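Have a look at the structure below before the remarks.
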Amino acid sequence: MARVVMRWAGGEHAVRLGIAEAEVIQQNTDCGPEFLLSRISLGQWELPHLMEVIRNGLIGGGMDEIEAKRLVDRVAAQQPWIVLKNPAMEILSLALYGPPEDPLGEDMPAGDLTQEFSPEENGSSASITA
């Protein structure tokens, strides 16, 4: 997964979960990434799990380990804890599925990407006229 810049309560930072960071999260939460994402999205999260995901996402994005821990600890101490939920979900989703604009399993088309096609050319049905 490439680094992605994320805006959250702690500011705007690059995040990324590589295998090393994912292994740390799994070891410290006793959850695989998809299971953890599911738990968080269902509201069954624990504060240390959210903090662990964000901290490791920041480390994977290039932030120093100590700086990442201090930042996440500061945000958790100063903000309502719920502000950590969406960033944790976003980091896990990016690692599992890639960025939203990156079509999973599809090659990028060659040629002019700004070219417009008629409905027949892009695979849509022809217009119906009465």
Q | Given charges at beta-carbon only (K, R positive; D, E negative), |dipole| of region 4-97 in Debye | A | 260 debye
Q: At 0.36 nm per residue, minus the direct Cα-Cα distance, what do Phe35 and Ala77 gain on full extension? Give it in nm, one decimal, please.
A: 12.5 nm
Q: Using θ = phi - 60° and the Karplus relation 6.51 cos²θ - 1.76 cosθ + 1.60, list the HN-Hα couplings for region 79-91 in order, rounded to whole Hz, with x at every Gly or Pro.
A: 10, x, 4, 4, 5, 8, 5, 5, x, 5, 5, 5, 5
Q.
Under 5 Å between amide hydrogens, which residues at least 5 positions from Val15 or on another chain qualify, with H placed 1.01 Å from N in the peptide plane?
A. Val4, Val5, Met6
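Would you please put 48-54, 76-82 in order of how densely packed they are, using the mean number of other Cβ atoms within 10 angstrom per residue and starting with the highest?
Output ranking for 48-54, 76-82: 48-54, 76-82.
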Q) Local charge sum around Glu34 (other residues, Cβ-Cβ under 15 Å, Lys/Arg +1, Asp/Glu -1)? A) -2
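Return an integer: the convex hull volume of the alpha-carbon atoms of region 11-82, in Å³ per residue.
87 Å³
Each value in this text was obtained by applying a stated rule to the coordinates, not by laboratory testing. Since we're looking at a predicted model, the values are computed, not measured. Cβ coordinates were reconstructed from backbone atoms using ideal geometry, including for glycine residues, and neighbour counts include every protein chain displayed.
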